[in-house]
1. For chain A, what is the charge dipole size about the Cα centre, in debye to the nearest 20, if Lys and Arg each add +1 at the Cβ and Asp and Glu each add -1 at the Cβ?
2. Give me the extension gain from A:Gln488 to A:Glu247: residue separation times 0.36 nm, minus the current Cα-Cα distance, reported in nm with one decimal.
3. Between A:Ser562 and A:Asn445, what is the label-to-label distance in nm when each label sits 7 Å out along the Cα-to-Cβ direction?
4. Starting from the amide H of A:Gly250, placed 1.01 Å from N in the peptide plane, find each other amide H under 5 Å away whose residue is 5 or more places distant or on another chain.
5. Under a crude label model (7 Å from the Cα following the beta-carbon direction), how far is B:Ala191 from A:Lys229 in nanometres?
6. Using the structure shown, list the pairs from B:Lys9/B:Lys280; A:Lys252/B:Lys216; A:Lys200/B:Lys257; A:Lys37/A:Lys135 with a Cα-Cα distance above 32 Å, or answer none.
7. P(r) tail for the protein assembly as shown, what percent of Cα pairs lie past 36 Å?
8. So how strong a dipole does chain B carry about its Cα centre when Lys and Arg Cβ are +1 and Asp and Glu Cβ are -1, to the nearest 20 debye?
Amino acid sequence: MTTSGKDPALTSFEAVAGQEFDVVIVGSGVSGAVIAKQLGARGCRVLVLEAGSGNEITVADYEESVQRFYGSQRKDNNSAYANPRNAPMPRDYETRKLPPGASNTDGYLVQMGPLEIDSTYTRVLGGTTRHWEGKALRMLPDDFRMRSLFGQGRDWPLAYNDLDAHYRAAERELGVAGDVEDQQYGGLDFGPGYVLPMRKMPLSYLDRMIARDLDGMEVTLAGETFPLKVRSTPQARNGVPNPAYDEGRGYKPVGAVSTHQEDKGERCQGNTNCVPICPVQAKYDARRTLYAALETDNVQLLAWTVASRLEVDGATGQVSQLEFKTYDDPDAPGHRVGHVRAKVFVLAANAVENARLMLASDLPGSSNRVGRNLMDHMYLLTWALMPKPAGALRGPICTAGIEDIRTGAYRRHQAAVRYSIHNDGWGWATGSPYSDLEHLVEHENRFGAALRQGLIDRVSRQFLLDCMIEVLPDESNRVSVDPRWVDQMGNPRPVISFGATPYTLETAAFSRRLSRRIFQRLGAEDHTHYDPLAPGYVSHGGEGYVLRGGNHWAGTHIMGTSARDSVVDSTQRSWDHPNLYLAGAGSMASIGTANTTLTLAALCFRTAEAILAGLGTHAPAAATTGARA
Amino acid sequence: MSLTKITDKAGLHRHLEAAMQLEHATIPPYLNALYSIKPGTNTEAFHILRAVAVEEMLHLTLAGNILNAVGGTPDMTVPGFVPLYPAYLPDGETDFQVDCQAFSRAAIETFLKIERPAQGATPGVDTIHKGRKRAHHNGHKRHGTALRARHVPGNEEEHFYSIGEFYQAIEEGLERLHAEMGDALFSGDPARQIGPEYYYSAGGGLMAVTDLASAKAAIRLISEQGEGVTDNIFDYEGEIAHYYRFEQLLLGRYYQKGDARGRPTGREVAVDWDAVFPIKANARIADFPEGSALRQGAEEFNRAYGDFLSLLTRAFQGEPALFVEAVGGMFQLKELYYQIMRQPLGDGTHAAPTYEIPHG
């Protein structure tokens with residue numbers, strides 16, 4: 001349990017406006033929380049601004065979110081969280097199929113297409129880790145060297161090995177459950193003797209059923225043969241602590257965030273609604289880290305506050321102050337405008353919001369790369385009915401996947417891919433099990449025992465395989481702002497332009513073919529179909545596919561070796577503004593086939609060290625602690 | 001069960017068996033109160049009760065670990081292990097009985113007695129603090145008797161004023177026997193220990209017991225989580241003791257660090273004493289109509305609870321991995337709880353699980 005028995009250090013507009021801090025951090029998600037915790041522990045005076053509600057700390061607050069999800073008609077990935085009109089968030093159902101040349105301005109995001117992306121993020125304390133699923137895979141060494149190895153995309157200004165200690169620190173902070181033995185593929189190296197903090201989530205019945213028929217199946221791609229194997233997926237979810245962790249010192253899981261110790265937070269119970277909210281707080285969310293930051297007594301939190309403009313000294317390029325808007329009522333118009341000064345500013349509001357704030361401040365960067373190179377994983381969903389009940393809707397959303405094709409020489413020609421086996425049935429693709437109920441009642445006129453049996457027959461056999469496809473940085477995929485589109489507070493809304501390249505689509509087509517083979521091998525009945533009227537519908541090679549977003553926004557303040565073609569350096573520091581850091585997935589130069597959270601958390605440990613060094617404080621112990629494990 | 005001063009291993013075993021019985025005896029009353037809260041209401045009260053019930057499971061397991069460590073055999077399937085409520089606590093606290101009843105002020109007042117602090121670190125010296133005395137206005141009539149009884153010669157029956165004092169007697173017994181026998185006292189098979197991999201809470205987890213130090217650490221954890229023998233609201237790990245957790249419900253406010261006993265200054269705890277299934281106190285199977293679905297459900301509950309105890313017993317007797325499965329069985333019990341508690345009995349009360357566990 002994370003608790004001090006003390007009410008949290010929420011501060012007020014009056015206490016903050018006009019003040020100076022060592023460091024001001026915009027955003028309380030995982031990036032901001034990691035940096036705040038590291039700096040607070042070293043005695044820096046830190047202010048964290050959060051656009052959403054600050055009433056998200058007690059177990060009762062959390063319970064309100066759980067109840068909001070239970071009571072919500074649409075179970076979208078933000079359905080557990082209040083959506084304030086003064087700091088709105090994207091909702092996937094706002095996405096529409098766009099006719100050529102059209103745009104969609106209905107939701108918070110303005111979508112210009114050509115591909116409508118249904119990705120979202122969460123503007124609430126703890127950020128998008130509140131709704132994330134919790135997969136915590138490392139990127140592969142190859143992912144950092146895309147240009148050198150495959151002539152595609154960009155190289156990072158740092159190598160996988162440079163991040164190893166920070167990956168370890170992130171795995172500790174997030175509390176990753178997984179078995180390193182299962183992660184021996186694609187050049188992944190965890191270092192000798194390393195184990196993750198907790199043992200792997202047990203494989204689901206479905207995973208084991210699939211492994212039995214699938215393990216050993218071979219796939220040939222660009223002349224290279226890959227034997228497939230079902231492997232456990234590391235995830236930031238409380239499981240069984242590994243006594244061998246940290247040289248035998250073991251690991252103490254962090255439970256529920258609470259000021260009042262009503263509850264402990266538990267190990268995963270398999271409720272299968274990790275997205276949008278774990279009912280028992282077994283899943284990591286950044287409030288845990290943030291709460292630890294607040295407990296240092298050096299970190300203050302100003303919630304209900306949107307950062308609106310960075311002001312820069314024209315002579316030095318230094319950020320001189322930050323303008324922010326604090327609202328009292330989440331929905332009614334009205335707010336106060338304040339300013340705050342700091343030695344160092346950190347934007348940690350996610351790749352879309354960081355770019356939005358920079359562009360709203362007229363800071364496109366000397367390279368004009370701010371907002372460009374927008375990346376996200378493209379998900380192709382494929383689904384089938386297993387020949388026998390397979391136990392759908394038990395366990396966390398995914399416990400295993402197929403990782404063997406995450407890298408290879410084929411990446412010269414087409415995107416990398418990994419596959420996840422879903423324990424939550426067809427939910428993502430079809431809205432199951434609610435849609436199954438509707439189908440059985442409306443179309444098959446079933447009721448009573450026949451309806452119950454129908455649901456059992458249909459739901460328990462569902463198998464969904466998601467294909468997570470890499471997207472390369474592309475300067476025409478971007479976040480921009482436009483004075484025509486502002487939110488209620490007058491802040492510009494993010495304008496998204498996004499398209500899928502043949503590099504990505506080739507792997508979508510390959511994955512669809514592979515899923516057909518897999519379903520055949522399992523004796524499963526393929527139910528995959530793609531609606532031409534659905535957002536994300538694309539054609540490639542004469543076949544149609546629906547691509548879904550992964551909520552892994554990245555690349556908008558891309559990391560590089562020079563100010564000419566990148567926005568930040570390898571510590572996430574702005575080339576143009578020496579006291580400004582842009583933190584999070586926006587800095588990533590590639591996203592490979594790992595969801596971004598673990599890697600961006602690792603980057604933020606690195607950034608905290610750089611900030612401390614800049615402020616003349618010794619580097620924090622985090623990386624060295626991790627290295628000891 | 002009557003207890004006399006620990007003078008040999010058999011006496012130690014008897015005390016630890018009583019300890020398991022004691023820890024377990026709190027669970028049905030806590031669960032009855034917990035699940036009598038109408039779902040979706042009283043969330044703070046629900047979590048407070050739930051957290052305490054979960055820690056009682058931890059204490060039960062720690063007591064089982066100590067018993068295993070000193071060569072005993074935990075067995076939760078023996079007839080009488082589960083008391084018939086209303087019941088006295090098995091450590092000989094004779095001034096109050098525990099009911100299985102709905103979430104109510106009366107229930108919380110009983111829980112305060114269950115978790116009440118020890119009378120003082122120094123044996124025989126009454127150091128009851130004012131705050132505690134106020135909270136316990138009903139519970140003190142006989143404490144003088146209990147106090148004297150604790151220091152009787154070895155063959156006389158022991159009575160303890162509090163669970164804390166009971167564990168103090170166990171700790172003293174452990175130390176005495178260890179001084180006599182050395183490490184031979186800890187003759188149990190370490191493979192029988194249920195370790196932190198099977199249960200944890202960040203406030204203090206399960207530990208394997210293999211020697212005097214770990215046995216004392218386990219006792220310390222039980223005592224401090226329960227009633228705070230040190231008279232502190234928050235224990236050495238910063239965790240709030242059960243006694244004060246419950247008291248927050250009556251006082252309507254959370255404790256914060258630095259608060260004086262009886263005067264919490266944290267946020268308000270909203271309690272709706274009416275959003276509760278009005279379950280019959282200490283219900284019996286015989287209260288439910290013969291042949292009714294309700295009666296079948298209540299019997300199913302008792303069987304399921306018996307199965308749960310059997311599985312736990314097997315976990316303690318050499319199959320620790322079954323512990324996880326046993327805990328998983330609590331989900332089924334919770335479902336049955338709600339099914340049963342929703343049934344009105346026609347006299348203004350609702351049904352409740354009866355904990356009449358079938359044997360054989």
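Each value in this text was obtained by applying a stated rule to the coordinates, not by laboratory testing. Quick caveat: nothing in here was measured; it's all calculated off a predicted structure. Positions of Cβ are backbone-derived with ideal geometry, glycine not excepted, and every protein chain shown enters the neighbour counts.
1. Once rounded to the nearest 20, the dipole reads 720 debye.
2. Length gained, A:Gln488 through A:Glu247: 81.5 nm.
3. 7.4
4. A:Tyr245
5. The two pseudo-label positions are separated by 2.9 nm.
6. Violating the 32 Å Cα-Cα cut-off are B:Lys9/B:Lys280; A:Lys200/B:Lys257.
7. On the way: 264073 of 488566 pairs.
Tail fraction, whole percent: 54.
8. The dipole magnitude comes to about 1000 debye.
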